Each structure stands twice: as structure tokens, then as C-alpha cells.
């Protein structure tokens, strides 16, 4: 009995020690970089393993980018964020493929970093941030899409950033943060059509906050008003400016570039 | 169920289970010890559940559940957090925490396994070389490679379709190969494949039982032609590449799209398969009334022209949701014939209401045009005599993503049943110019005549 108690107390003490160890700034910083490097290498290794194979959807995107680059936006259906980026910087399929994979790889790494901050903010501890970061680094499908030419990595990054903003809003509500949430929601909608769900994140945060008495109803209503008006404004600007911006500026810009 | 399956496969089994356990444990502690300290994990849970519900009408692949991973990994951390947080009450709790993180981290080992040093596998290179050489003999040949079992690596030939049929460990080799032949013969997929592909190859692992070759010859007329053999010393394992000979005269004729179309048209059993007979439809027509009951305004005019012997079935997933839309247009042209044009983002079905088909084996030819993102199927509604219940048999209508399609679908109507063909559109734009159904005996008779 005594032996079992001493074993249990030893386990508990070890857990305390481990938590203290990973909570120290130096150790957590080193672990942070190790996990990030690990995540990056996993994504690159997975890409190398697939021997340059292009998935069916990736091929479709490349084809749509090539068509959009030739014909302009008015002939391209639903130019999502990724296709827009590809069209703007289009030279030839090989370069565009490399560019889009590079963008998505960077987005995938950024997601790992955001996961660290998410974990740290939600659970108030560096070790929790590191655990969340580890999960984000090794989740098989996040690795699989890490270097792909799909819309997922960009969307997931926007999703995670918005979630982080909601968590930060929960801690200290501010109008700037609410406006930033609008912008991220719009970017998410542009990245994937079902991204309309992002427009509900801040209202859900406000609703839960009022329900759990985190902040008063007045703060929540102010936040909601800022968010709704910001969303309306951003969507309007987006719808008005995107075609003009695309056709007048970017196409001109790209046609004058060498290559 | 699709959502759950997608979530577990996207998040990888053990991680998915951890998320669920994390949610349960978190809620347990909230009920037990109060909400203090758990507000933010609860907010994450609310967003997670909202995203899951949001996705229910949207998902068609696992990719659509991928964003759930973000709140999902936070809920996994919540599990670790909960286990560690309550170690004062139960000091053993850190052990499952460490185990959880270790088990999840083991997932990392999986991609690295594929990079381990491996022996050279000459059969992979050689099979690739043979297929590449065959492909280059005639430019633009469509080649299909059927692989029975585990090839032990990845083949590199580009631009060919590969269909891999895995062998279950429970099945004996002889039984497996015999079943494979029967299965292929039953669905007549080889016959179908020869109308879609110029060359069909088969790769068999291990030595197929001699019965396999005999069965094959009995069904397809000629045994498989051995093109390459690689034997290893390991448990008599070998890799054999066979070519499926194109012996069937009928299948050779049916490769030409125009000949195929005229052949099907000539022997067609389906009334008004080319939509040439047209009748006027009013708002009082039963199927229009049914659709109107579902909440759709079918058309604004008083009268509408619709192909005779065809109608919409509103009972199959044809429900009005706030996100759904549906358009139907009937186009009459003298030169190209009539066509039914449909656009939808939820399921709509066009039923043939003429004389039902008796039991037997048939082949259907459906041709028309589609958009890149169309998902559609050819289905047969089978009904037993004096029974209300209908069993649906679905077949892929659009194997590729081409603008125009011309698909041959072999199907069977079981004994004691009658079948009615139907076309189902799940998403995209579909313009059908004709649906012809011919009994399989017609092909067999044609083949006999050709041989004689």
C-alpha cells in the first residue's frame, strides 16, 4: 500500500517536473523550433514520396488557372483565393505549380505556429501550446495537404487565425479585433465556398460569452454591431474591387512582366 | 455517419477517439467541478460542434471535414490538460496523458516507414517499361491496368488508369482468383472496359491457380496472354503481367462511338430513349403536382413540353432546402436531336415510366454532355411483383471529367423483378441526349454471327 502510494506520488511529482521543464522559456523555445522543423520535414518528405504526382483536383486547378490567365477573370468561374494567386503570378504550369505548392507549404507551417499560440492561449500554458503544435505538425491529413496545390492549407490557416482571434477577443474584447475577424472571415469565404461558416465564429463567441457571463450583454452587442457592419463593408468592397483590381491592375502588371 | 467517418479518417483513428474522449472528460469535469478554467475549451467545443453541423449538408469527401481538425486538436489537448489538471485527485492520470501523446506521435512513424532502405524491385521498372512502350506505339492509347493483390510498390507510368483489387488475407489464392473472374464476368466490366480502353493489362501476384486461366478462357473466350514474369525466391512469389486479348468481335465494333450508338439505337428496348416523342405537361400532371408539393415552382408557363415516358421522381432526395436549386430545360433540335438539360446541387432523378424491363442482363448507353464538376449516376429501380419496396442499383455515369460523355453501363435485373432505368443528378450540369438499353443476348448473338 505504502509502495503504491509512493509510486503514485512519484508519478505526480514527475508530471510536475515535466510541466515545469516545458514551461521554461528556453526549453519551450527549443522544443518549438524542433517541432516546427519536424513538421516541415514531414511535409517535404511526404511530397518527395509522392514522386511529383499531380492529383486530379490539382490538375483541374492548374487548368483553370491557365484558362483564367489567358482569358481574364470574366471567363473564369468562381476564382477562389488559390486560383486568384495562381492566375496573378502565372508564367507557365511548372512555375505556377511550384509557386502554389510553396505558398501552401508556408501556410501549412504557419498553421503549426498558430496552433502553438492557440494551445497556449486556450489552456494558459506553454506546454499546452507545444502539445497542440505537435498534434498540428503530425496530423496525417495536414501533412498530406501540406505541399499540395489544394485550397485546404490556406483555408485551414485562415480558420486557425480566426479561432485565435476569437479566443483573444474572449480575453480582451476590442473593435479592432472584431474588424480583423471580419477580414479573416471574408478571406476564408474566398478560399473555400463553405468558408461562410467563419462569419458565425465571432457571433458564437459573443453568444457563449454572454451565456457564461464572460462579458456583459452591452459589450457583446457592440462587438456584434461592429462585426456585422464590418462584414457588410468588406464584402461590398471585395465584390466591387476584386474584378476591377484583377482586370485593370494585375493583368496589366503580369502582361508587362518578362517571362 | 459520413461526417463521423470523414472526421475519424481525416483526424486518424486514435486522434479522433482522443477528441471524443477529451470532449466527454471535459464535460464531466465541468459538471463535477464547475466551469471555472474551462470557459475557453468550452468555446472551442461550441465552434467545433457548429462546424460539424455546418458540414452535414456539404460533405461529399473526407476533405470537407478537414477544418474540424483545428478545434479537434485543441480538444485533444483538452484531454491531456484534463488528465494532468486532475492529477491531484488521481495521481495516475499523467500516465495515460503521456501514453496518449506517444500513441499520437507514433503516427509520425508511418510516413518514414516508406523511406526505409528497400531492395530493388525490378518488376516495377519492367512493368512500367512494357506499358510505356505499348502506350507509345499508338499515340493517345487509353490503357487500363488491373492489379490483383499488393504489387509491393508504386508504378510510375503516367496517363494510364490503374485499378487495384486487394486480396483479403482470409481468402485463399485459388478461391480469390476464381471469385475475381466471376465478379468481372458478372458485371461484364472487362467487356465494358474494352469499350473504354484500347488495351487492358492484368497484374497478378503469386501464381494464379490454373483454374483462373481456365475460368478466364471460359468466360472471355481466350486465355490471358503472358507478357512478363518475374519470380522471386521468397515463398514462390512472382509477379506476372498479362494482356487481356481483344477477342470479342462485338466489343471491337462497340469501340467506335458512332457504330456503338447506331447499334444501341437499332436494338433499343427502352421506349422514347432518344426523347423524340414529346408531350405537353400541365400543372395538373401528377409528377408536377408532387414536385410543387415539395416546395418547387416547376415552371411559370401554363404548359410545358416534356419527353414522353419520362418524368421526375420527387421521392428520391428531391427536397427543397435553402441552399438547393434545380433547373430543367428540354431542348428540341432537328439536327442533333432532343436533349434534357438539368442543373442541380441536390439529387434529382429522371425516371423512365414506360414498360418496365423484365429480368435479365442488359447494357445501357447514355450519352450527352456534362460540366466538369457533375456527379451523376445511372440507376435501375428494381421492384418485385406485388411489392411496394424498390431496390436501387446505381452505376457510375461519368467515369471521366470530359465535356461530353458516351458511357456503356452493363447491368442486371434479378429474377422475379422488373426494372426501370433512371438518371440521377447530384451536382452540376447534365445534358442527356439519349438513353438506350439493349439485352446482353444481342451482343452474344452478334458475336456468334461474327464468328460464324
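What follows draws every value from the coordinates through simple rules; no lab data is involved. It should be emphasised that the depicted structure is a prediction, and the values quoted were computed from it without experimental measurement. So basically every Cβ, Gly included, is an ideal-geometry build from the backbone, and we count neighbours across all protein chains shown.
Quick notes on this one:
- Sorted ascending by nearby beta carbons within 10 Å, beginning with the fewest, A:33, B:310, B:38 become A:33, B:38, B:310.
- Listed from fewest to most Cβ neighbours within 10 Å, the set B:352, B:5 follows the order B:5, B:352.
- Partner chain coverage, peptide B:90-97 - average Cβ within 10 angstrom: 5
- Each of residue A:48 and residue A:17 was given a label point 7 Å from its Cα along the Cα-to-Cβ line. The distance between the two points is 3.7 nm.
- Cα shape, segment A:27-255, gyration tensor, a/c 1.5 rule: oblate
- Peptide B:37-45 has a mean shielding of 5, counted as Cβ atoms of other protein chains within 10 Å of each residue's Cβ.
- Peptide A:135-148, shielding by other chains (average Cβ, 10 Å cutoff): 6
- Peptides B:358-369, A:15-26, B:126-137, ordered by how many other C-beta atoms sit within 10 Å of their residues on average, highest first, read B:358-369, B:126-137, A:15-26.
- Cα centroid separation - segment A:86-127 against segment B:255-275, whole Å: 52 Å
- Here A:181, B:51 are placed in order of increasing Cβ neighbour count within 10 Å, fewest first, which gives B:51, A:181.
- Segment A:148-212 versus segment B:403-433: alpha-carbon centroid distance in Å: 43 Å
- Computed over segment A:89-180, relative contact order equals 31 percent, with contacts defined as Cα pairs under 8 Å that lie 6+ residues apart.
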